[in-house]
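Working notes for the structure below.
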Amino acid sequence: MSARAAPAPFLSARSWGEQSTLALAGGGNRCWWQAGAISRLIEEGWAPKQWIGTSAGAAIAAACLTTGPETALEACKALYGQTDRVFRWKRLLRGRVEFAHQTVYPAWLDTFVNDATFGALRASGSSLLVAVTRPAHFLGLGLSVALGTLAYLADKKVWHNIHPRLPAYLGLRQEFIDISCCSDVVDAHRVLLAAAAPPPIMAAVKLHGRYAFDGGYTDNAPIPEQTLIQRQSTLVMLTRHYPSRPQLFQFRDRTYWQPSRPIPVSTWDCTARATVDAAYRLGREDASHLLSRLSV
């Protein structure tokens, strides 16, 4: 699909309902671009039947299925406003590595996945598959994280692959967990925390007796095995900007949607300085532009 090509046929204004699966890449604060875009699509009455996500992308999906993206954004800004620094250096002198994310992220999750909303999430009729990374059996947790980090950096800086292969070659495995099948809200929290846990910023989480950590270490844009029909009805929302690709493009029978430009926000900043509003606004602007193209 060229840069001037029209949107994919099943993204036409008459057939939003045919787009049954939405996959959300991770990306920390960059995922507020996804939230802004989805908020605009929701206003048009569009909602997928299946959601897939990892890291903050999975949390954005959960927020959309509960309180809504704008409410989740306001909760995030309130927590960030109470945080003055990302890393607490004084704790390092005591032998502790402490990032603000370790308290801010669970507190944010609790604002939209809690006892009051979890029942509605399970009864929504939409499934949410959350991708986590399992360590390689022969490497253990520490080496899996170290090599996974190197593989991530190599892909980001050298190969620019949308779906990297190197982590799988190293033995890292991506597992998908349906959050609607979690026994209770505590279990759901652990899954969402594990999906967004990049050591040492956030510790790996034990799920069902085995460690799990950030799903982006395996594939930042997670997709389970799909049939041809499922691939053709899947929209993948990226958070990285690939200058060599158009904003909407076809890849392996799926449609991919990327930001119109690099998202104007720091990935890991969780203080009042974080420009999450700008990321959210860009998402709404990109979605409005897409909708205007579809209405022509």
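The values are calculated or read from the model by the stated rules, or taken from the named source; none is laboratory data. For clarity, every value in this text was computed on a predicted model and none was experimentally measured. Note: ideal-geometry Cβ built from the backbone for every residue, glycine included; neighbour counts use all protein chains shown. SASA here: full protein model, heavy atoms, side chains in, ligands and nucleic acids out. Shrake-Rupley method; radii C 1.70, N 1.55, O 1.52, S 1.80 Å.
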Count, please, the residues in the range 198-239 that happen to be open to solvent by less than 10 Å² (accessible area, probe 1.4 Å) and among the hydrophobic types (A, V, I, L, M, F, W, C).
-> 8
Checked against (1) farther than 20 Å from ILE52 by Cβ; (2) among the acidic types (Asp, Glu); (3) out of contact with any strand residue (DSSP E or B) (no Cβ under 8 Å at 6 or more places or on another chain), ASP187 satisfies every condition except (1)
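Here's the yes/no breakdown for (1) within 19 Å of PHE176 (Cα to Cα); (2) buried (at least 24 other Cβ atoms within 10 Å of the Cβ); (3) among the basic types (Lys, Arg); (4) at pLDDT 95 or above:
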site: SER20; (1), (2), (3), (4): yes, no, no, no
site: ALA23; (1), (2), (3), (4): yes, yes, no, yes
site: GLY26; (1), (2), (3), (4): yes, yes, no, yes
site: CYS31; (1), (2), (3), (4): no, yes, no, yes
site: GLU43; (1), (2), (3), (4): no, no, no, no
site: LYS49; (1), (2), (3), (4): yes, no, yes, no
site: ALA56; (1), (2), (3), (4): yes, yes, no, yes
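Can you confirm whether ILE179 is touching a His at 6+ places or on another chain (Cβ under 9 Å), modelled with pLDDT under 95, of a type outside the set (S, T, N, Q) and closer than 19 Å to ALA25 by Cβ?
Values: touching a His at 6+ places or on another chain (Cβ under 9 Å): no; modelled with pLDDT under 95: yes; of a type outside the set (S, T, N, Q): yes; closer than 19 Å to ALA25 by Cβ: yes.
No: the conditions fail for ILE179.
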Would you confirm whether any residue within the range 251-259 is at pLDDT 95 or above, in a strand (DSSP E or B) and not hydroxyl-bearing (Ser, Thr, Tyr)?
-> yes
Hey, PHE99 in contact with a Phe, Trp or Tyr (Cβ under 9 Å, 6 or more places away or on another chain), at pLDDT 90 or above and of a type outside the set (Val, Ile, Thr) or not = yes
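Counting just the residues of the range 204-220 that are closer than 19 Å to LEU147 by Cα and part of a loop (DSSP other than H, G, I, E, B), which one comes out farthest from the chain's Cα centre (by Cα)? Spell out the reasoning first.
Keep residues of the range 204-220 that are closer than 19 Å to LEU147 by Cα, which gives 204-205, 210-220.
With part of a loop (DSSP other than H, G, I, E, B) added as a condition, the list becomes 204, 218-220.
Working: ALA204: 17, THR218: 13, ASP219: 11, ASN220: 8 Å.
Among them, the one singled out is ALA204.
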Which fully enclosed helices (runs of 4 or more DSSP H) of the range 60-164 have 2 or more residues being under 19 Å from ALA274 (Cβ atoms) and open to solvent by 20 Å² or more (accessible area, probe 1.4 Å)?
-> 69-81, 101-112
Taking the condition in a loop (DSSP other than H, G, I, E, B) and crowded, with 16+ Cβ neighbours inside 10 Å, does PRO243 pass?
-> no
Filter the range 267-286 for residues that are of a type in the set (Ser, Thr, Tyr) and within 13 Å of TRP33 (Cβ to Cβ); the one that is nearest to the chain's Cα centre (by Cα) is THR267
